[in-house]
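Single-structure report; data block below.
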Amino acid sequence: MDCEYPTNYYSKNYKARKLNPGSFREMDFVKNRLGVEVQFGKYSFMVYNVCAKMTIFHNLGYIDHGIEIVPVKTFAEEMSSGISYFEQFIWDLDKRGVADIDIPVMILGIDAD
């Protein structure tokens with residue numbers, strides 16, 4: 001989806017350069033109003049995908065539900081540093097609690113074996 005970023009929130013004294021065209025947001029897979037993200041990257045992307053991106057795609061009418069596919073801890077330990085994992089993500093979401101803007105998202109932890 002194309003994004004037109006607002007500039008009306010800048011402070012009055014800030015002189016922004018012209019924004020480059022072509023900004024967009026995408027999801028790994030969308031079909032039948034189901035959004036799917038596969039995340040083998042940094043932790044912040046897992047949180048962003050579920051707590052922000054899927055809500056945005058829902059609010060814009062693209063999805064009703066989501067699936068986030070992430071590694072479990074034993075699989076993440078075989079990857080480069082900084083990779084988050086299922087158990088950590090679930091713990092954080094559990095402690096965060098439910099918000100009235102959340103949509104149903106299945107968090108699917110996978111292993112290499």
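The values are calculated or read from the model by the stated rules, or taken from the named source; none is laboratory data. Just so it is clear, the model here is predicted, and its values are computed rather than measured. All Cβ positions, even for glycine, are placed from backbone atoms using ideal geometry, and neighbour counts span all protein chains on display. Accessible surface is based on the protein model in full, side chains and every heavy atom, while ligands, DNA and RNA are left aside. Shrake-Rupley method; radii C 1.70, N 1.55, O 1.52, S 1.80 Å.
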Original post:
Going by alpha carbons, how many degrees (0 to 90, nearest 10) lie between the helix axis of 86-96 and the longest principal axis of the chain?
Top reply: 60 degrees
Original post:
Roughly how many whole Å is it from the C-alpha centroid of the range 81-113 to that of the range 1-25?
Top reply: 31 Å
**OP:** Among DSSP beta bridges lying fully in the chain, give the percent that are antiparallel, nearest 5.
**Re:** 30 percent
Subject >> Sparse-neighbourhood loop sites, chymotrypsin sites (Phe, Trp or Tyr not before Pro) in the range 1-109 - DSSP loop, at most 12 other Cβ within 10 angstrom >> reply: Tyr9, Tyr10, Tyr14
Subject >> Debye intensity ratio in log₁₀ form over the Cα atoms of the chain, taken at each q of 0.10, 0.22, 0.24 Å⁻¹ >> reply: -0.38, -1.17, -1.28
Original post:
Could you give the accessible area per residue of the chain, probe 1.4 Å, as a whole number in Å²?
Top reply: 72 Å²
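Run lengths n ≥ 4 of DSSP H only: what is the helix-derived mean residue ellipticity at 222 nm for the chain, with -39500 (n - 2.57) per run over all residues, to the nearest 500?
After summing the helix terms and dividing by the residues of the chain, the value is -6000 deg cm²/dmol.
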**OP:** Rounded to whole Hz and in sequence order, give me ³J(HN,Hα) for the range 27-36 from the Karplus expression 6.51 cos²θ - 1.76 cosθ + 1.60, θ = phi - 60°, writing x for Gly and Pro.
**Re:** 10, 4, 7, 9, 8, 6, 6, 10, x, 10
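Please sort by residue number the GluC sites (Glu not before Pro) in the range 21-89 whose DSSP state is loop and whose Cβ has at most 13 other Cβ atoms within 10 Å.
Details: sites: Glu26, Glu37, Glu68, Glu77, Glu78, Glu87; in loops: Glu26, Glu77, Glu78.
Within the range 21-89, the qualifying GluC sites (Glu not before Pro) (loop, at most 13 other Cβ atoms within 10 Å) are Glu26, Glu77, Glu78.
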Subject >> Accessible-area composition of the range 58-113, carbon plus sulfur, in percent [1.4 Å probe] >> reply: 56 percent
Original post:
For the range 2-92, what's the relative contact order in percent, using C-alpha pairs closer than 8 Å and at least 6 residues apart?
Top reply: 26 percent
